[in-house]
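What follows is a single structure, written as structure tokens, with notes after it.
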Amino acid sequence: MLSIDERMKTVSRIHGMRERMIIKQQPELLPERALLVTEAYEENAAEPAVLKRAFAFRKILGKMTIFIDEGELFVGHNSPKPRSPIACPELGARWILADIDTFATRQADRIDLSEENKKILKECLSKWQKCSLDAVTGGLISDEAKAAAADGMITVGAQGTAHGNIAINNKKLLAKGLGGIIDEINAKIEGFVPKDIEGTGKLTFWKAAKISCNAVIDFAHRYSDLAAIKAETEKDAQRKRELLEISAVLKRVPEFPARTFREALQSVWLVYVATQIESDPHAMLLGRFDQYMYPFYKKDIDDGILTKEQATEMIAMIWIKCTAIIKLQDSITTRTFAGFPLFQNITIGGQGPRGEDACNELTSIIMEAASIARAPQPSLSFRYHNKVDTDALFKACETIKLGLGYPAIMNDNCIIPKHLIRGATLEEARGYCMNCVESDIEGACDSRSNGGYVNFPKCLLLAMNDGADPVTGKQMGPKTGRLDEFDDFEDLKEAYKKQTAYFVKLIVDSYDLIDGAHAVYAPEPFISALLDDCLERGISRQAGGVRYNFSGIFGVALASLADSMAAVKKLCFETKSVKPNDLLDALRNNFNGAEDIRKLCVSAPKFGNDDDCVDLIARWAAHIFCKEVVRYPCMRGGFYIPELHSVSTHVYFGEITGATPDGRIAGVAFSDGASPAGGRDTNGPTCAMRSMAKIDHMEVLQGVLYNQKFSPSLLNTPESTGLFADYIRTWCDLGGHHIQFNIVSSDDLREAQKKPDEFRDLIVRVAGYSAYFVELNANTQNEIIARTEYEKIG
């Protein structure tokens, strides 16, 4: 690894960038992109949507304000300044207008907006009120789905924002450059004569893709020119040389194939930035970074033109530059995705195409770079398998112990077979990369995981109340009987099953329509050009251009559901210590005047303690959800896939759901991901692990999120790394999909709530992403504090 002197030099530059671009940079919304895209749409009003998008993309890249930070070695950003989100009125004019007066004061993810810029934006957005994507999708979704979303039963994604969850083929980009991709497009266009509507669509798409690729090449040249201009007046000799090298690199990439590690890194980054500018998607993935970057690293090391110090420093800048990009979200989404997550992810480790261990020298350097940067984005995923390099696993454990919330551990033994089930070849499956806890195949897979979220505990409340919300009395689901009418626990399970099926179908029916609207109104010609099959098929990814297409639906708060069902089973059907009517009344009144019933509910079996009484209920509930989701084909040619994951939706759903039979009072957050509810797993981490392993992780095709929290004192001994590595091995041998850790003291988190300015850079793991703790809303902070803090492994 780096010497002390080398590390200190790198730390100084990286931390300086972090201070300037993140810590001291207050998020601010600027109107520039909104104005440019509006102007471009007006200029090209008669063009089909895909060409309109390409011309707008070209105009934005050609006119937007660009900058080069004083310390960076590779350049590119999606907006005129760091931590300045972009507005996409073509996608979401209505929701932006609805929230524009509260961006700076809302509960979470506050963003400054000057009065002058607010006035400019309002005038611009008003032109889009009848033609933005959210105007279209708002008219497509049924009243039943809208009512369910308003009542906190479900969410439905991508109504006014771009789809994400995709990794482009960076290996191809580096080998061919955008110029090589343009050559492919030219070969398609040359001599092509459309014979039908489908052919006309292909030709139009190819033209749009070519325009977009050329626009990014010109974008690179703008940065090259800026670097050269800055070099002319730079007085520091070293910085002058750096600027001249930046200029020279950008004259070549991403237009031409990369030759060096620096060219490869700059090419990947600038194209990544361009994908953000095109449509502001979440979860644009950086893929298996240690695999496609390693040949460049190895050659440069062997040729003596790169040192480990230089490679570490440049990679550390990835974390600063990723965290400097934030996304504008509506007020509800900021509560369900709290902390400015963009779900950027770098995948390391894992297997090669023949099943061999794929770890290399760059694998550990990437983790070293992340430890230096100490920034929440991108998330880092370490792929574990039975032959994994022990030194790399130990480095992953050491990095986790730093308290950054990453790397998350992904289990090849579970995830590779899932891709085989989903239709991939074995070689493709072995090459998967990670999103949050979802996995994709670079360039070949569009498994967007924003279909919607189902509120499991509230489905149970409806199952107990004949489909009515017990708080409001509104009929939200099908009539399936009341708890006091059921003969046994099986009747309750059947009612719950019907409620869940109803809300899954509401999401499917809505999201299919939204998917169709994206294909017609919001294609992405640039991103699509970087995916394997879109050019060959002549259609965008929104229309199903990639090889493998899926849509994900999330089940929220499995443990809270299982705890609640176990309490009803024990109290109402086994011991009969609580009458069903009395329990219904207690829940309706938030346990006011029924503390005795609440205590009985709290004392019932709880998921996370290796107790089959409740663990097998969780397994059953996961199974019926998964079985229901995969019944449905998705609009783009694949099918829906299930996930047990909540991001921070479990906090939002908890806020708007009444009391539940596990003893939880109204408004309190539910359990996160598929993890045990905070404070309820009292028998230690290995018992919690065994409970989690009883869920059929293979059946949950999109992923299972498992959070654990350990006291920092537990892992500060010399032998703790080996013990921690054995713990991870055990979890993976049990068949778990994923596990991630917060190494943080709850006392420190409470202190940070009191003195946020003193803990500005404190990072925590929220869900499948890390975030600055002080930027989370209070309820999300409290939920993280409430998670069980283990003092020992065992």
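The values are calculated or read from the model by the stated rules, or taken from the named source; none is laboratory data. All of these numbers come straight from a predicted model, not from anything done at the bench. Backbone-built Cβ (ideal geometry, glycine too); neighbour counts: all protein chains shown. Side chains included, ligands, DNA and RNA excluded: accessible areas come from the protein's heavy atoms. Shrake-Rupley method; radii C 1.70, N 1.55, O 1.52, S 1.80 Å.
Brief remarks follow.
- Table column - 3J(HN,Hα) (Hz), the range 68-78, Karplus curve with 6.51, -1.76, 1.60, x for Gly and Pro: 10, 5, 5, x, 7, 10, 9, 10, x, 8, 8
- Rounded accessible area per residue of the range 392-452, 1.4 Å, Å²: 19 Å²
- Efficiency of FRET from Cβ geometry, LEU420 and GLU123, R₀ 60 Å, rounded to 0.05: 0.70
- Taking the square roots of five times each eigenvalue of the Cα gyration tensor of the range 450-529, the equivalent ellipsoid has semi-axes of 36, 12, 9 Å, listed largest first.
- Note on surface exposure: LEU776, LEU97 rank LEU97, LEU776 by accessible area, highest first, 1.4 Å probe.
- Rg/Rh for the chain stands at 0.96; both radii use Cα atoms, and Rh follows the Kirkwood definition.
- Inter-label distance, nm, simple model (7 Å from Cα along the C-beta direction), PHE67/ASP196: 5.2 nm
- Pairs of lysines in the range 268-397 whose Cα atoms sit within less than 28 Å of one another amount to 13, provided the residues are eight or more positions apart or on different chains.
- Calculated P(r) of the range 326-369 - Cα pairs past 16 Å, %: 58 percent
- Along the axis of the charge dipole computed for the chain (Cβ charges of +1 for Lys and Arg, -1 for Asp and Glu, origin at the Cα centre), the listed residues CYS88, LEU362, GLY667 are led at the positive end by CYS88.
- Residues whose amide H lies under 5 Å from that of GLY451, counting only those 5 or more places away or on a different chain, are GLY552; hydrogens are built 1.01 Å from N in the peptide plane.
- The range 605-681 - Rg and Dmax from Cα coordinates, angstrom: 14.7, 43
- Cα long-axis angle, helix 308-323 against the chain (0 to 90 degrees, to the nearest 10): 60 degrees
- Positive dipole terminus of the chain, leading residue within PRO685, VAL216, GLY608 (C-beta point charges): VAL216
- Accessible carbon and sulfur surface of the range 301-383 relative to its total accessible area, %, 1.4 Å: 47 percent
- Each residue of the range 414-429 is assigned a 3J(HN,Hα), and the resulting list reads 9, 7, 4, x, 5, 5, 5, 4, 7, x, 6, 6, 4, 5, 4, 4 Hz, derived from the Karplus form 6.51 cos²θ - 1.76 cosθ + 1.60 (θ = phi - 60°), x at Gly and Pro.
- Equivalent ellipsoid dimensions for the range 617-769 as semi-axes, Å, which come from the Cα gyration tensor, largest first: 29, 22, 16
- Across the chain, the mean sequence separation of Cα contacts (distance under 8 Å, 6 or more residues apart), normalised by length, yields a relative contact order of 15 percent.
- Two-site FRET efficiency, ASP509 against THR105, from Cβ-Cβ distance with R₀ of 30 Å, rounded to 0.05: 0.25
- Sorted largest first by accessible area at a 1.4 angstrom probe radius, with every protein chain in place, the residues ARG354, ARG541 fall in the order ARG354, ARG541.
- With a simple spin-label model that places each label point 7 Å from the Cα along the Cα-to-Cβ direction, the separation between ILE23 and ARG760 comes to 0.7 nm.
- Reach of LYS493 by Cα under 22 Å, taken over lysines that are not fewer than 8 positions away in the same chain: LYS458, LYS474, LYS479, LYS505, LYS569, LYS570, LYS576, LYS579, LYS606, LYS627, LYS694
- When every Cα-Cα distance of the range 548-618 is counted in 5 angstrom steps from zero, the calculated P(r) takes the values 3, 16, 23, 20, 15, 10, 4, 4, 2, 2, 1 percent.
- Under the convention that each Lys and Arg Cβ holds +1 and each Asp and Glu Cβ holds -1, the size of the dipole of the range 301-390 around its Cα centre is about 520 debye.
- In the context of the full set of protein chains, residues of the range 546-656 present 34 Å² of accessible surface per residue (probe radius 1.4 Å, heavy atoms only).
- Restricting the range 137-207 to trypsin sites (Lys or Arg not before Pro) in coil, as DSSP defines it, with at most 16 other Cβ within 10 Å: LYS195
- Between 0 and 90 degrees, the angle of helix 197-233 with respect to the longest Cα principal axis of the chain falls at about 70 degrees.
- Stokes-Einstein diffusion of the range 649-701 at 20 °C, 1.002 mPa s viscosity, Kirkwood radius from Cα pairs, rounded to a whole number: 172 µm²/s.
- Against the main long axis of the alpha-carbon atoms of the chain, helix 237-252 sits at an angle near 90°.
- Across all C-alpha atoms in the range 132-260, the radius of gyration and Dmax reach 22.4, 66 Å.
- Histogram of C-alpha separations across the range 33-110, 5 Å bin width, %: 3, 13, 19, 19, 17, 14, 11, 4, 0
- Residues in the range 381-416 that a label on GLU356 would reach, taking backbone N under 20 Å of a point 7 Å out along Cα→Cβ: 383-393, 412-413
- Largest to smallest in accessible area, the residues TYR521, TYR640 fall in the order TYR521, TYR640 (1.4 Å probe, all protein chains included).
- On the principal axes of its alpha carbon atoms, the range 70-200 extends 52, 50, 31 Å, with the longest extent given first.
- Amide proton proximity set for LYS709, modelled H, under 5 Å, gap of 5+: ASN742, TYR790
- Equivalent ellipsoid of the range 400-475: semi-axes from √(5λ) of the C-alpha gyration tensor, largest first, are 37, 19, 11 Å.
- Accessible surface of LYS9 - all protein chains present, 1.4 Å probe, nearest 10 Å²: 120 Å²
- Residues whose placed amide H lies under 5 Å from that of SER646, excluding near-sequence neighbours: GLY673
- Computed on the range 685-769, with alpha-carbon pairs under 8 angstrom and 6+ residues apart, the relative contact order is 38 percent.
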